[in-house]
Amino acid sequence: MKSLLRQRASVRRVVGALTVLSATVLGGLHAHADSLKGAPAPFDKGGVKIALINYLSEGDFFQAYEAGAQKQAKALGVDLRIYEGRQDAAEEREQIQQAISLGVSAIIVNHGLPESLKDVVQRALDKGIKVVAFDVDLANPKVPQIEQSDHDLAALLLDQAVKDNGDAFSAGYVYVAGFAPLDRRDAVWREFKSAHPKVEEKARWGTVDNPIAQSVANQAAAVYRAHPDIRVVFAPYDEFARGANLAADEAKLSSKVRIYSADISTADIEAIRAPNSAWVATAATNPAVVGAVSVRTAALLVAGQDPGHSIIVKPTLITRNDLVKNNIKTVAELGAKFPAFRSSDAATAPWIPVAE
């Protein structure tokens, strides 16, 4: 076993070294970050590098988040280096170390496990590198926290669940502890159950094992068999909801179960709009907007300006009826019909071109 562990450690060191080399080579292929007319230093001269370090990168939400971050970085003339996440805490630490070695001006930490990140984030701060965190609480006053107002998001969903089902129902709950947004949503769920004693949580399940939706679907299938009286599923992450919905479809429970989720993508819209879908509502921010806000927050810090410690992007409630009635089939169409979903005034300044 010790020999195997040593081999794995050696492989990890080699992979880490190759990743640094790859990032360095890729950096040489990138166009020089453009200067931004009328901007404060260092954006007035260009050459600003920012790293986006992902813990989670699977799913439409994170793809759209990255796309929004890239679009905003391009508008700012920023060279954005993206490190893809694999739900591996040790790898995320190594990627932050690599970003430090590359001499970036700022690091955006997108999700992760706080206990594995705090020391390496402090190392970046000690080097003068600015750090921004999205949906991971690093408990550091120098690190602004970007979040989707998880309290409002969960409250919107649960209010809709009561509107649709009354205040007495059997519920299933999909949850994985240790992730800041899910933990904040869980606090609202606990408050909701206390305020609605006739709501009974029959089962709780959840995983972030890849592929997340299918792994959750496998769990949900067993839960539905064991608890046929479940009528409402609270799944406050769209990959969770997708899995719960897959299992409901396969078990032919779509007419009996209603699923309430968080986050949205074009694929989610298709699933929610499907005839007789069990997935009836979601509360969401536009992930591309959140990605853009993350880059703008980092840019403000690099320019020596204060974006505030807590940057909140407000969510919107979206029901199946909204999508069908307005003939909305894509996230772009959703933004056109729901202006609040299209943009955010969080982390802005006159010199920052807003790309949303």
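Just so you know, all these numbers are worked out from the coordinates, no wet-lab data involved. Computed from a prediction, not measured in an experiment: that's the story for all the values here. Please note: Cβ atoms are built from the backbone with ideal geometry, for glycine as well, and neighbour counts cover all protein chains shown.
At q = 0.09 Å⁻¹ the log10 of I(q)/I(0) for the chain amounts to -0.52, computed by Debye summation with a single uniform scatterer per C-alpha, solvent ignored. Note on the chain: GNM, Cα springs under 10 Å; of Asn54, Asn327, Asn110, the largest mean-square fluctuation is that of Asn327.
Rounded to the nearest 20 debye, the dipole size of segment 150-284 about its Cα centre is 440 debye, using +1 on the Cβ of Lys and Arg and -1 on the Cβ of Asp and Glu.
Pairs from the table (Lys252/Lys314; Lys45/Lys71; Lys163/Lys325; Lys71/Lys337) lying more than 27 angstrom apart at Cα are Lys252/Lys314. Stokes-Einstein diffusion for segment 258-352, with the hydrodynamic radius set to the Kirkwood value over Cα pairs and evaluated at 4 °C in a medium of 1.567 mPa s, equals 90 µm²/s. GNM remark for the chain: springs join alpha carbons under 10 Å apart, and the peak mean-square fluctuation among Arg190, Arg123, Arg86 falls on Arg190.
Gly47 sits among other residues whose Cβ lies under 12 Å from its own Cβ, and their net charge, with Lys and Arg +1 and Asp and Glu -1, is -1. From helices alone, the chain scores -15500 deg cm²/dmol at 222 nm; the rule is -39500 (n - 2.57) for each run of n ≥ 4 DSSP H residues, then divide by the residue total. Of interest is the spacing of the C-alpha centroids, which for segment 36-80 and segment 105-141 amounts to 17 Å. Alpha-carbon geometry of segment 150-284: the Rg and the Dmax are 13.2, 36 Å, given in that order.
Taking amide H as placed 1.01 Å from N in the peptide plane, the amide H of Leu36 sits under 5 Å from that of Asp44, Lys45, Gly46, each at least 5 places away or on another chain. Suppose a student asked you for the relative contact order of the chain, using Cα pairs under 8 Å spaced at least 6 residues apart; what percent would you report? Relative contact order, the chain: 18 percent.
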